[in-house]
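Asks: Dropping a structure here in structure tokens format, bear with me for questions.
Bear in mind that the values in this text are calculations on the coordinates, not laboratory data. Since this is a predicted model, take the numbers as computed values, not measurements. Cβ placement follows ideal geometry from the backbone for every residue including glycine, while neighbour counts extend to all protein chains displayed.
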Amino acid sequence: MYTGYSNASLTRNYLTNYQYPYITYNKTYYDGYHIISEQVNPYREEVRLHGTDAVQNLPMSTTEDKQYIYVDTLYRVAEMQFQEETSKYGFDLFKYRISDNTLASSEEYPPNENYYQKYKGLLNISFLGLPMFASKNHWYGADDYWMQQVDIYDESGTHKQVANSYDEVVLVLEPKSGATFEATLFLQSSVYL
């Protein structure tokens, strides 16, 4: 990560991961003789590593600035889209949500073809070995088709859960310092059968 010593806008931005300047993941396989483990690119083209860990963001932010976070468990850089100005405990804050482009299908947003992203609202992480997808909880923002396939209940199994704004991925930051005031990253993983 950059320290921000020479450029404050790069504070806590990712520089490399496993010594690579682009997104990689640990691919382990058996070649018939040995177990091999290597860092490989999961996408059609290399994706440069950028964005923060969501602890520190762009200082002196305006509502026009784009914020990016790197979610290392999903191997994706997520663009955060400005939603509204808010205040809490006397601080003026900016609230962001994950951008529509990040979760769009490749049909809606052609650059997502690089991520093999066929379905709206579902990040394809099948390169990990299973036909696995990540989405907002309860498929919030995904095609209605997915919500109609499965009924989701709470932990007790008695109350049906439906998608609502509480399932949103949110970043609230103090714009002058870029410090994160609040962050929620509720994600659901689904295996396609």
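Asks: Pick the calculated P(r) over Cα pairs in 10 Å bins from 0, in percent for this structure from (i) 8, 30, 33, 21, 6, 1, 0; (ii) 9, 30, 24, 17, 11, 6, 2, 0; (iii) 8, 24, 23, 23, 16, 4, 1, 0?
Replies: Read-out taken from this structure: (i).
Asks: For the chain, build the charge dipole from Cβ charges (+1 Lys, Arg; -1 Asp, Glu) around the Cα centre, then report which of Leu49, Ser135, Gly121 sits farthest towards its positive end.
Replies: Looking along the dipole axis, the top candidate is Leu49.
Asks: Just how many % of Cα pairs in region 102-193 lie over 19 Å apart, if you round to the nearest whole percent?
Replies: Result: 50 percent of Cα pairs exceed 19 Å.
Asks: To the nearest 20 debye, what is the magnitude of the charge dipole of region 68-157 about its Cα centre, counting +1 on the Cβ of each Lys and Arg and -1 on the Cβ of each Asp and Glu?
Replies: 200
Asks: Something else: Take the chain, connect every pair of alpha-carbon atoms lying under 10 Å apart with a spring to form a Gaussian network, then pick out the residue of Tyr70, Tyr109, Tyr33 with the largest mean-square fluctuation.
Replies: Tyr33
Asks: Then there's this: So for region 75-193, averaging the separation of alpha carbon pairs under 8 Å that are six or more residues apart and normalising by length, what relative contact order in percent results?
Replies: Relative contact order comes out at 23 percent.
Asks: Below 25 Å, Cα to Cα, which lysines can Lys118 reach? Residues fewer than 8 away in the same chain don't count.
Replies: Cα-Cα hits under 25 Å: Lys27, Lys66, Lys136.
Asks: A further question on this structure: Tell me what the chain gives for mean residue ellipticity at 222 nm when only DSSP H runs of n ≥ 4 count, each as -39,500 (n - 2.57), the sum divided by the residue total, rounded to 500 deg cm²/dmol.
Replies: The helix-only estimate for the chain comes to -1000 deg cm²/dmol at 222 nm.
Asks: Mind putting a number on the dipole of the chain about its Cα centre? Charges go on the C-beta only, +1 for Lys and Arg and -1 for Asp and Glu, and I need it in Debye to the nearest 20.
Replies: Dipole magnitude for the chain comes out near 340 debye.
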